[in-house]
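Take a look at the structure below.
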Amino acid sequence: MTTSTTPATAVQGLPGLMMDIPLTVHFILEHAIRNHPRREIVTRRYDGSSTRFTYAEFGARVAQLAHVLAELGIAPGERVASFAWNTQAHLELYYAVPCIGAVLHTTNIRLFPEQVAFVLEHADDRIIFVDDTLVPAMHKAIAAKPSLAEKIFVVMGNAPHEPLPNERSYEALLSGKPETYAWPTVDENAAAVMCHTSATTGDPKAVLFSHRSQVLHAFATAFADVFALRQRDAILPIVPMFHVNAWGLPYTAIMCGSKLVFPGPRMDPESLYTAMAEDSVTFSAGVPTVWLALRDYLKATGKSLPALDRIVIGGSACPPALFDDLQALGIEVIHAWGMTEMSPIGTVNYKKGELTNEPAAARRARRLKQGPFSALVQWKVLDDDDTPIAQDGIARGELWVRGFAVARQYYKNDEATAAAFKDGWFTTGDIVTVDAEGYMEIVDRSKDLIKSGGEWISSVELENTLMGHPLVREACVFGVKHAKWLERPVAAVVLRADAVGDEVAIRAWLGERVAKWWLPDRIVFLDAIPRTGVGKFLKRDLRERYADLLADA
């Protein structure tokens with residue numbers, strides 16, 4: 001199934017007289033190594049040490065990897081999988097694979113073994129590049145799908161491990177290969193990267209990003225009112241490179257000539273702090289969970305990150321309390337929203353509200369929204385009758401999008417394509433409002449809204465309010481069946497260290513801040529909230545676990 005995102009007929013005017021240079025990943029690579037040859041790429045290793053390469057050295061290694069791929073018989077259009085942390089070796093795959101015309105399949109390392117096996121089989125990867133510390137997880141995937149043992153496995157790093165079938169060493173393969181490559185001319189509409197969605201429902205769905213979409217996305221995210229990336233920035237991507245291309249940073253950062261600092265496998269707050277402090281990181285990006293942990297570490301130790309100028313928070317809504325705490329620590333928070341199907345950036349909220357003469361409280365409220373839409377995105381919001389809603393910040397409906405970096409269908413999944421793509425638009429499933437200034441705010445996922453007695457309750461708003469409680473570290477709200485009201489909210493709460501849970505007290509506190517009929521019928525206290533491989537709350541599991549919690553209500 002294909003869905004056009006352009007008019008059926010186009011006006012044929014006077015042809016332009018501009019050069020037709022393909023928008024490809026190689027365009028970014030060549031620009032970077034010729035214009036920023038001495039910029040650094042740093043990778044933190046599992047033992048705490050670091051490796052450092054210049055862009056020029058990186059470019060030479062990418063050429064060597066291209067020779068390796070050619071010798072292993074990788075043809076244009078074939079898939080090559082990565083199963084890796086954020087490292088320079090992973091970055092080398094980001095460039096070598098697409099630049100020879102093949103497709104890099106970035107595989108989520110946090111999926112269950114059966115899901116890893118599913119996505120590798122679905123993509124039909126010829127070669128799988130695996131980080132040394134992730135070899136045990138790959139063995140589990142092979143056990144779930146023994147036919148994977150027929151693949152070629154290339155291990156990156158030299159940590160001790162049980163050998164994989166058909167194993168090769170990454171550095172041994174690169175050794176002695178030529179440091180230049182006769183790069184082919186690749187069609188800008190050819191696939192460059194494949195990512196699978198995080199699968200909050202059903203099997204992961206595959207999105208194929210084109211070279212053109214990735215280059216345009218890199219340009220758009222570098223804008224001053226988006227990520228505002230510069231050559232003088234030192235960027236540490238915490239968001240995984242298997243999660244929608246680390247939100248495009250492997251391409252945007254290299255295009256801008258920024259220093260890149262990769263955290264490798266050590267993602268605990270202390271290790272992240274050390275990496276940021278030692279290399280004077282100015283910009284970083286990650287999901288709220290990461291920033292909650294780093295905030296707690298900074299507060300507990302009294303340490304600071306004076307070089308850290310700004311961070312992007314996405315993946316799920318930024319809790320207001322976290323926003324306030326990070327701003328108080330001198331860290332500028334950029335709230336963003338996107339989806340795998342959108343490459344992923346859709347909206348970015350970066351200080352635009354400060355240009356209006358609003359009171360501080362109103363300005364803060366704007367900054368907590370997901371923000372204005374990217375120049376790459378066309379959008380509309382429709383109610384249940386498919387009628388456009390008012391752009392007043394109050395009316396709500398489902399967000400539909402289309403654009404230069406938005407998917408038009410899923411890979412080898414006609415059923416999911418038919419459900420999600422309509423009339424040339426991608427139906428996001430997000431329920432939103434948009435105000436008169438163009439600020440979008442996520443109200444909820446359509447499947448996570450709670451309908452109680454015919455009225456809607458926003459799980460996101462309840463979660464954000466609960467996380468403002470001084471004893472609450474994280475909160476996840478979900479709907480549970482109810483005999484009278486059909487569905488009622490239940491909150492799963494993770495408390496801060498040494499806090500004692502008091503359901504009655506927390507409900508009383510919450511009752512002063514939300515409508516009484518919104519109050520969760522129960523609050524359950526957990527050590528951890530189940531999550532998807534990219535850190536989103538897995539509400540499906542909680543709904544199943546507590547399906548009978550209100551049976552006697």
Order by accessible surface, 1.4 Å probe, largest leading, for residues Phe373, Phe118, Phe58 comes to Phe118, Phe373, Phe58
If you line up the Cα atoms of the stretch 297-340 on their principal axes, what length do they span on each, largest first, in Å?
-> 36, 20, 15
Before rounding to the nearest 500, sum -39500 (n - 2.57) across all DSSP H runs of length at least 4 in the chain and divide by the residue total; then give [θ] at 222 nm in deg cm²/dmol.
-> -8500 deg cm²/dmol
With Rg from the Cα atoms and Rh as the Kirkwood inverse mean 1/r over Cα pairs, the stretch 1-143 has an Rg/Rh of 1.07
Express in % the proportion of alpha carbon pairs of the stretch 201-287 at distances exceeding 21 Å.
-> 34
Using amide H atoms built 1.01 Å from N in the peptide plane, name the residues 5+ places from Ser82, or on other chains, whose amide H lies under 5 Å from its own.
-> His105, Thr106, Thr107, Phe129
Equivalent-ellipsoid semi-axes (√(5λ), Cα gyration tensor) for the stretch 420-465, whole Å, largest first?
-> 21, 16, 9
With the other protein chains left in place, how much accessible area per residue, in square angstrom, belongs to the stretch 263-366 at a 1.4 angstrom probe?
-> 36
Residue by residue, what Karplus-based ³J(HN,Hα) values in Hz, rounded to whole numbers, does the stretch 336-349 have, using 6.51, -1.76 and 1.60 with θ = phi - 60° and x for Gly and Pro?
-> 9, 9, x, 8, 3, 5, 10, 6, x, 5, x, 9, 9, 10
Leaving out same-chain residues fewer than 8 places away, which aspartates and glutamates sit with a Cα under 20 Å from that of Lys303?
-> Asp268, Glu270, Glu278, Asp279, Asp324, Asp325, Glu332
Would you mind checking which residues have amide H under 5 Å from Glu332's amide H? H placed 1.01 Å from N; only 5 or more apart, or other chain.
-> Arg310, Ile311
As straight-line cross-link partners of Lys447, the qualifying lysines (C-alpha separation under 16 Å, not fewer than 8 residues apart within one chain) are Lys481, Lys536, Lys539
Roughly how much of Arg364 is accessible, in Å² to the nearest 10, using a 1.4 Å probe?
-> 90
Please label the shape of the stretch 65-125 as rounded, prolate or oblate, based on the square roots a ≥ b ≥ c of the eigenvalues of the alpha-carbon gyration tensor (a/c under 1.5 means rounded; beyond that, a/b larger than b/c means prolate, else oblate).
-> oblate
Ile389 accessible area, nearest 10 Å², 1.4 Å probe?
-> 40
Within the set of other residues whose C-beta is less than 13 Å from the C-beta of Arg473, count the net charge using Lys and Arg as +1 and Asp and Glu as -1.
-> -3
Calculate the all-directions average of the projected area of the stretch 282-396's alpha-carbon convex hull, and give it in nm².
-> 8.7
Over all Cα pairs of the stretch 239-312, how is the pair count split among 5 Å bins, expressed in % and running from 0 up to the last occupied bin?
-> 3, 14, 26, 30, 17, 7, 2, 0
For Lys177, counting only lysines whose alpha-carbon sits under 30 Å away and dropping same-chain residues fewer than eight positions off, the answer is Lys151, Lys259
Would you kindly find the accessible area of Glu270, with a 1.4 Å probe and non-protein molecules such as ligands, DNA and RNA excluded, rounding to the nearest 10 Å²?
-> 110
Near the amide H of Asp444, under 5 Å away, which other amide H atoms are found, from residues 5 or more places off or on another chain, if H is placed in the peptide plane?
-> Ile431
Residues of the stretch 253-273 with amide nitrogen under 20 Å from the 7 Å Cα-to-Cβ point of Ala499?
-> 269
Mind jotting down the distance between the C-alpha centroids of the stretch 460-475 and the stretch 70-95, whole Å?
-> 41
Using alpha carbon positions and the Kirkwood radius, the Rg to Rh ratio of the stretch 449-553 is 0.94
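The values are calculated or read from the model by the stated rules, or taken from the named source; none is laboratory data. As the structure is a prediction and not an experimental result, all values here were calculated from the model. Positions of Cβ are backbone-derived with ideal geometry, glycine not excepted, and every protein chain shown enters the neighbour counts. Quick note on the areas: whole protein, heavy atoms, side chains included, nothing else; ligands and nucleic acids left out. Shrake-Rupley method; radii C 1.70, N 1.55, O 1.52, S 1.80 Å.
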